[in-house]
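Notes follow once the structure below has been shown.
The values are calculated or read from the model by the stated rules, or taken from the named source; none is laboratory data. Please read these numbers as outputs of a predicted model, since none were measured by experiment. Cβ placement follows ideal geometry from the backbone for every residue including glycine, while neighbour counts extend to all protein chains displayed. These accessible areas exclude ligands, DNA and RNA; they are computed on the full protein's heavy atoms, side chains included. Shrake-Rupley method; radii C 1.70, N 1.55, O 1.52, S 1.80 Å.
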Amino acid sequence: MDDNKRMEIEKKADEFTEAYFEPPVPVYEVARENKVEVYTADFEELADTFSGFCDFNSDNIYLNQEDASKKQYFTAAHELGHWILHKDDYVADPEKYVFMPKRRAIANDSSSDHMEREADYFATCLLLPRVLVKKFYPHYSSSQLAEIFNVPRILMEKRLKEVL
């Protein structure tokens with residue numbers, strides 16, 4: 001993803017977080033404010049395969065109830081990214097949309113699907129707004145920040161490298 005696209009996505013994510021001055025960003029509230037409901041569900045035989053998906057026709061996001069809370073939190077932000085960035089594309093061509101694979105690394109820049117990379121970056125920017133990360137960074141370690149922002153440590157460390 002080129003720098004212009006990254007800036008565009010971060011700006012879009014910032015529009016949803018500018019009202020929040022303390023972490024963690026309430027991703028479920030952000031979704032509801034944008035008329036998207038988030039639910040946990042039993043994925044049954046697919047529970048080991050998928051972390052979540054967005055139903056673009058009903059504006060609902062479904063999260064795998066078996067995933068850890070931090071994974072669900074990131075998945076909700078990722079799927080909200082699809083809803084905000086790609087909804088029109090996916091409604092026009094549903095075959096493009098792929099449910100979020102469970103075993104995929106969070107914020108994996110090596111994904112071959114540009115829409116997945118974009119949704120990951122949106123989720124990262126939504127959950128870890130540059131302004132809040134900079135505000136809290138000098139006072140806490142990356143592990144402490146990860147807990148404060150409710151994200152995996154590896155995601156926090158990656159974001160710190162981008163922001164600082």
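Quick rundown of the values:
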quantity	calculated
Count - residues of the range 53-64 that are open to solvent by 30 Å² or more (accessible area, probe 1.4 Å) and either charged (D, E, K, R) or modelled with pLDDT of 95 or more (or both)	3
Count of residues meeting criterion [within 15 Å of the chain's Cα centre (by Cα), not acidic (D, E) and not in a helix (DSSP H, G or I)] in the range 61-81	5
Among residues of the range 143-164, those that are open to solvent by 30 Å² or more (accessible area, probe 1.4 Å), in a helix (DSSP H, G or I) and of a type outside the set (S, T, N, Q), counted	8
Positions within the range 111-142 being of a type in the set (S, T, Y) and open to solvent by 60 Å² or more (accessible area, probe 1.4 Å), in sequence order	S112, Y137, Y140
Pairs where the first residue, in the range 41-63, is of a type in the set (D, E, K, R) and the second is at pLDDT 90 or above, C-beta under 6 Å, 6+ apart	D42/Q65; D59/K35; D59/V36
Filter result for F21 (under 20 Å from P129 (Cβ atoms) and open to solvent by 20 Å² or more (accessible area, probe 1.4 Å))	yes
Residues that are loosely packed, with under 13 Cβ neighbours inside 10 Å and small (G, A, S), drawn from the range 1-18	none
Among the candidates K70, K5, K35, K11, residue that is touching a Pro at 6+ places or on another chain (Cβ under 8 Å) and among the basic types (K, R)	K70
Test: residue in the range 28-51 that is within 18 Å of N150 (Cα to Cα), modelled with pLDDT under 95 and either open to solvent by 30 Å² or more (accessible area, probe 1.4 Å) or not in a helix (DSSP H, G or I) (or both)	yes
Condition check for D67: surrounded by 14 or more Cβ atoms within 10 Å (Cβ to Cβ), modelled with pLDDT of 90 or more and in contact with a strand residue (DSSP E or B) (Cβ under 6 Å, 6 or more places away or on another chain)	yes
Unmet requirement for I106, which otherwise passes all of (1) at pLDDT 90 or above; (2) under 26 Å from E18 (Cβ atoms); (3) not aromatic (F, W, Y)	(1)
